[in-house]
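Asker: A single structure is presented below for examination.
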Amino acid sequence: MAKAGTYKSDALAAIHETVSDMFKAGVIDRQTMRHFDESCLTPVHEFSAGEIRALREREGVSQTVFAHYLNVTKESVSQWERGQKKPAGTTLKLLSLVERRGLSAIA
């Protein structure tokens, strides 16, 4: 049940690791583990084209630089900002981190 993810803080990472071990040992149930996943891991949501552009502009970087930080192509960022494609998976997690903590969080 434990998820590999980015934690809101180092303390929450330690707590989540302990609770995850308790789940594996059968001490806590799936519902409790789900609660800890939700409270400890950085939440991920879908980003609209406008939100992605606003996030990049807030950070004051070009599409090329933003793409470099996210490990994607400049064309991908451009397509997201025009609404032609949507980011998925790991990229959504990185965008969520940038939204909450700034570009320096993934540098």
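Asker: For the chain, what is the convex hull volume of its Cα atoms per residue in Å³?
Answerer: Dividing the Cα hull volume of the chain by its residues yields 96 Å³.
Asker: Taking the chain as the reference, fit the longest principal axis to its C-alpha atoms, fit the long axis of helix 49-59 to the helix C-alpha atoms, and give the angle between the two in degrees, 0 to 90, nearest 10.
Answerer: Between the helix axis and the principal axis of the chain, the angle is about 90 degrees.
Asker: Okay, moving on. Per DSSP H run of at least 4 residues, take -39500 (n - 2.57); add these up for the chain, divide by its residues and hand me the 222 nm value, nearest 500 deg cm²/dmol.
Answerer: Calculated mean residue ellipticity at 222 nm is -18500 deg cm²/dmol.
Asker: In addition: Round to a whole angstrom and tell me the spacing of the C-alpha centers of the range 77-104 and the range 4-72.
Answerer: When both Cα centres are located, 13 Å separates them.
Every number in this text was worked out from the coordinates using simple rules, so none of it is lab data. As the structure is a computational prediction, the values presented were derived from the model and not from experiment.
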